[in-house]
Each structure stands twice: as C-alpha cells, then as structure tokens.
Amino acid sequence: MPQWVADRGTTLWSHHAMKSFGTRSFMPSPPVPPAPQPVATGAEHPQAPLSIHDMTVAYHRRPVLWDVDYDAPFGKLVAVVGPNGAGKSTLIKAVLELVPRASGQVHFFGQPYRKVRERVAYVPQRSSVDWDFPVSALQVVAMGLYRRIGWFLPVTKKWKVKALEALERVGMADYAQRQISQLSGGQQQRVFLARALAQDADLYLMDEPFAGVDASTERAIVSVLWDLRKSGKTALVVHHDLQTVPEYFDHVLLLNMRLVAAGPTSDVFTPDNLRATYGGQLALLAQVGHKMKLGGET
Amino acid sequence: METKPDTEPQPSLACGLFSFGVLSPDGAFGQSPSLRSSPIPRPLQRIPFLLLAAWLTLAPEVALAESAPAGRSSLLDWILPQQFNTRVVLLGTLLLGMSAGVVGVFMLLRRRSLVGDVVGHSALPGIALAFLVLEIRSPGTGRSFPALLTGAFLSGMIGVGCVTFIRRWTRIKEDAALAIVLSLFFGIGIALFTVIQNLPRGNAAGLGQFIFGTAAALVPADVLLIAIAAALSLALCGLMFKEFALLCFDEDFARSQGWPTVALDLLLMALVAAVTVIGLQSVGLLLVVARLIVPAVSARFWTNRVSRLILIAGIIGGVSSVFGVILSGAIPRLAAGPCIVLTGSAVFLASLLFGPQGGVVERWWRDRQLRLRTARHDLLRAIYEIVEARAESLGRIVEDSGSISNRPTPAALAALHLAEVSVSEADLNAARTWPASGVRKVLDRAQRERIVVRDAAGWRLTTEGAAEATRVVRNHRLWEQYLVAHADIAPSHVDRDADLIEHVLEPDVIAELERLLAQRPDDHDVPPSLHALPGS
C-alpha cells in the first residue's frame, strides 16, 4: 500500500478509500441547496454541477490521471490544487471532452455534457491562444455568445450590449475596442473571464485564471468569483498560489495524477494532505505510465 | 486610465469604398464608438461590391461603344480591353483573386500558410490521373476542364489529409510532413505526366500550364466555372465568418461550446483546396500559395480587425490579380502567374513600408517620437537639476525665501525660480550624455517648441518649459522612490532605471505611484533627489 494511503488521516480521502466507503459524494456537511434549475431526468446520479465517476485520462496511451471520482458541490468555489504535471488542466479538458477519456463517466447537472453545454463555461489558459489575433476585447467576449447567436448570424447590437456588460463586470468596459495585443496580461485574463461570464452559465471551469496577473486583476477576478458564489454558481478553478487558497476558496480538490483529497478547505487543506499531494509523483504510477506509452517495447 | 476611443486609421483603399455603401458596417460614422452594428447582414453587404466589380469589368465597352471613335488611344485600349474574351478572363481573375485573398486570411490566422502550397503540389497527380482516365474511356476528351479540376481538388485534399495524418499519428513534425507530402505528390504527378507524353495518342499539350500558369488559355466556359466556384467560396466565407474566426482564434473553446470544429476545419481545408485548384491554371501550382497568403499578410498591416482584414485582403487579391493579368497581356510572352505574384508582392511591399499597423515607416515614426520625447525630457530634467544644485548658492533666492528654520528644499527653490536661471551648454554637457548629434540640436528643437529661450548667459526655460520640467522631475523621482521602497534597488542605481522608464510613464501609473508613496495628486512638490546631482 502506498505511503499516502497508509498514513491518511480522517480527512484524507483517496479514491481507494472513497470506493471502499461506498460513497461517491464529497458534499459538505450543511444541507446542499437545491439545483437552481432542477433537471428532470431519471438518472440516479446526484444532480451535482459536475460529477466525475472513475475517470482515467491518457495522452498517447500514457495515463496522466487515474480513476478520479469527484462530485462538485453546489454554489461553492473549488480550488484545483496540485504540483506541475499533476493533471489539473487535463482534468478540466477531459471533463469538457477536449482530450479523450480512457474510461469513466462525467455528468453535468445529472446530464451528459452535450445536453447542458450552455450551463457550463470554460476559461482556458491565457497562453493557449495567440493574442496578436486581429480582434478587439469586445469581439473576444462576444465569442462566448456565438452559440446563442447561432449559425451564420452576425453579432448584432443586442449581443454587443451583452458582451459589454460582461466586460463591465470585470472592470474592462473602457477597453472594449482595444486590440487584444495592446492589453496587459492581467487585462487579457479578464477578457477571457468576461467571455465566460457572457455565457451566463451555472458552472465555471477556469484554468489558471490567476497565473501571472497583476494585483488589481487578482482583486477583480476574486470579486467576480465571490459574486458568482453569491448568485448560486459553482466554479472549479485551477490555482497555483497555495497561500491564497483558504482565503479565496470554500473547497479544494488536491490532485497529483490521482485524486488525493477533496472537500471543504478547512477539512482538506491540511499539511498532511499537502505533503501527500506535493510529495513527488508516485514512483510506480509514473513508471507504469511511461511503460504504457512505450507500448511494452522495452 | 484615460479612455481613448478606438481611432484605428482607415485604410485608404477601404475609404474609397465608403461612397459605394460597401463599407458601412464598422465605419465610425454617427454611431457610438463602443457599439457599432449594421442592420444588413454582413454577407449581403458584399453584394454591391461584387456588382460594381462585374460592371467595371464588363461595362466599359458597352458604355464607350457608341461614343468612342474607331481610333481610340492605345492606353485606353490597354486598360479597357475590347475583346469580350479578355474581359471575361479579367472577371474570372478578379473573383479568383478575391476568393483566394479572403480564404488566405483564415489560413494565415490559423498558421497554416503553407497548406495552399501542399494543395497545389498534390493536385498534379489528380490532374494527370483525371486526364488518363478520360483518355482511356474515350480518346480526345482528356482535356475537359471540370474533370481536371475535380481530379486536382480530390488529390489536393488527399495531400492535405496526408499531412494531417502524418502529424497526428507519427512522430514526424509538421514541417517535415509538409516537405514529404509536397515532394512525393509532385514527383508522382511529374511521373504521370511523362507517361501521358509517351502515350501514342496522348495530347498532353496544355497540361503543362498547370505548373506555370497562363491566364490566356481560359475560355469563357472555364471562366464561368471558376467564377461560380470563387463566388461560392466568397459567399461561404461571408456566411461562416464568425465560425471560422472563432476556430482560428481558440479551437479548444469553440469545441467546448459544441461547435463541430473538425467539420469546420475540413470545410476550411476544402475551401482552400477549391480556390487553389481553380486558380492553378492561371498562376500555376508553384506560385498559387502566394495568391492565398500575400493579400492576407499585406492586409494585416492596415487593420487590427479580422472583419476588415478579410475585406482588404479580398480587394488586394482581386485588384493585384487583375493588374497582373493586364501586365502579362501588355508584355509579350510574359506568363500571368509571375505577373500576378509580382503585383501582389508590390502591394505587400507598399503595405510593409506604409501600413499604419506596424509598417516600417510607422514604426520608424514612433521610434523617432519616443527619441525626441526622451531628449526633451532629458533636457528639461538636466536644466532643473542644474538649477537645483545651484539653488543654495544663489544668494538672492535664499534671501527671498524666508528664514533659515523653514527654508524650502533646493528642489522647491528650483521649482520656484526655474524660469529665471540661465544655464550654459557647457553645464548641460557636464550634466549628462546627449545623443550623438549633440546637445545643441536638442536645444534648437526645444527652442522651436518654445520650452527654452536663448539669452546672453546661455539657455533659460520658458514658463511652460518650467512647468513641464517640474512635472518630469517629479515623475522621475517618484519612480526612483518606488524602486528604492518597493523593489529594493540601491539608491545609487535608480537614476539610470528611472531614466529609461520616465518617458513612458502614463497618468494611471503616476496615480498608482502617488497612491503607493502616499503623495496626493494635487501635491505637486518635487521630492528631493535620492542620489548626488551632477552639478553639485
């Protein structure tokens, strides 16, 4: 048995431990508020904003995430925390079907993703796009509305007003007509956030929104997150700065190639769990993964 | 932060079109700068332009036929060719150039500039095979234009598919995949051409034009096919503008929203293959990539908006193609392909030099503005600091300035009497290094800008000059204080750092500095220098 399972405390929930307890839920102890928009399905899954069941993800046969089970709680801000290469971005991309899943099921609000896309908003890493692209901040934000605008139809004034409102929420209305390469890194990040806000979703999946941003952007993003929580929305945020986790987030999800622990910050964000998360990759897990990539040609 | 409305310079090409009602959408007329929209869907806005282009190509003869005497000037003949055929060719060329320019924008934005090249080269085996199949079925029909184009399109798509496959499923990187597919397909094509040449009944004459291109070989029926295909590609680009732009900017996000990105990508590839293939005969497969990419790259120097980029690239593509064909018609035995590419390149060169969005001239101008501003600030601060260093020794000033106990700082004294003290060029030369052209040149310019005046003892600041000098020195020292207090940089080192930064300090940064250093914005006191001043 690996070290991190052997010395787990009462709050350390590994996926193994969780399976043996026979529970799939990491809901906080206070009663869970009902879904803002109840979805009528016959599914026996909880209607959690995001429910991951036994998900394994592999890049070119090499597993980077093993057997993740997780239910996101309603109306909470969840920090996804773990070392480099822990699979944090992969987790988000895999649930959104941007990278293929090797196994497992994912449900949003009790439904498969394709049925509830409009209730889920995605904020990719800022570095994932070319910021020299010839568009204005407003046009980027309007992209969050394209699905609702529909095929072939142009972005009319009505939609531009909506996009401007989203920019206003991140304090960027003054920069609406700026070409995006003329914005600072923090401002670009806020534009990305505004694009997700424009979607008016119920669940937000954000990949490193705080990476390399200035202090005023960090304040702006945090206040947006708190506003989202106030209106009953859920957000999963990949976060690097351990210091600010307890201040910003209600829940944490500790990840290092597998789910180390998840739950309310006060319970889960403990030195022991952090040591288990950051104590280096599990040697065997990484080794086996490498072997699978080579396809046994050793 | 000051908010400045978006004042992107309108390209002059596009400006001319305002009068035709073509460019209404993003125009800055009447509406608020932050929100602009148009009642007409974007695709429809292009129709007047297409009609105009068609009229310009076809109508002159109709318009001039009656009035023109038999002996028209040769220049007019040259510009407004009389033969119907020539004009048909020009119309086809125009549409081709426009569609290639528009599709090329998406290729450029998607960083797939060389895809057109792959399509062009891999079209060759398709052309040869189509010819062979037709010849075998019924000899003599091999040169059917639609069939050859279909063959070219299919094998072009297969070539692109091969690149995608190799990149995706092998360890070979994109550039190597391009090189392999390109040369392999071209090789197969040349081999098949040789086979055709050696056929007993083979009449391959004319197939060679696909390699180097010749617009003259087009007959009206071919042009009709080309025009329809080009118009369809243009319409599709207009219709799918929003979807393609999203795909190019952020594919992952598009996919997460449920857009069928793979299908969109395929459609875009098919468009590239289509405009490449229909353009093959006129420019040839070696040069066809230029037709796709050159207009897009040129247009990038004129605008920062993808919608205008498409419009401008379309215009550049169409116009340069037409001029290329006219040029090749005017000079005997000059093929159309090279002419089209050369005129396109001339437009590119002009854009590179004079484009307002990062053109060479614009950059040089901005650099020059910064250099001049830097020299001006340096001069103002040098004078201020010389006066400041002398403040104690200027007996009259000290007497004027009250008792010893609340005697103002030298900095404050200097601010007070800045416009009354003259400094010599020698003082200035001792104070700091100046641009190679010398301090005199800086002084002369400053005099023209009325911030210094010359008097018997040397140079003296005007009232405006004094006010600006105070502001410049204050900014410089605020920045120095910030570096020392917040960035832990030694006071002896901050002067040079601040020297570089102070010229680009914008009002919002100054406000932030004032907040950090607890200075009120209305408190215009100049803080004392943190290091020894040059003159003291």
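Coordinate-derived values only; no laboratory data. Quick caveat: nothing in here was measured; it's all calculated off a predicted structure. In this analysis, Cβ positions are derived from the backbone assuming ideal geometry, glycine residues included, and neighbour counts consider all displayed protein chains.
Annotations
- Backbone HN-Hα couplings from phi across region B:444-450 [Karplus 6.51/-1.76/1.60, Hz, Gly and Pro as x]: 4, 5, 4, 5, 5, 8, 6
- Average partner coverage of A:153-161, which counts Cβ from other chains inside 10 Å: 5
- Cross-linked pairs A:Lys76/A:Lys233; A:Lys93/B:Lys242; A:Lys162/B:Lys242: Cα-Cα separations exceed 19 Å for A:Lys93/B:Lys242.
- Order of B:Glu385, A:Glu165 - criterion: other Cβ atoms within 10 Å of each residue's Cβ, fewest first: A:Glu165, B:Glu385
- Computed packing ranks the peptides B:439-447, A:244-252 as A:244-252, B:439-447, most packed first, by mean other Cβ atoms within 10 Å.
- Sorted by Cβ neighbour density within 10 Å, fewest at the top, the residues B:Trp169, A:Trp151, B:Trp259, B:Trp302: B:Trp169, A:Trp151, B:Trp259, B:Trp302
- Kirkwood hydrodynamic radius of region B:76-358, from inverse mean 1/r over distinct Cα pairs, in Å: 19.1 Å
- Inter-part distance where region B:477-495 and region B:218-293 are each reduced to a Cα centre, Å: 56 Å
- Fewest-first ranking of B:Ser233, B:Ser122, using other Cβ atoms within 10 Å as the exposure measure: B:Ser233, B:Ser122
- Whole-Å distance, taken between Cα centres, linking region A:217-285 and region B:324-370: 54 Å
- In a simple Cβ point-charge model (Lys, Arg +1; Asp, Glu -1; nothing else charged), region B:76-358 has a dipole of about 160 debye relative to its Cα centre.
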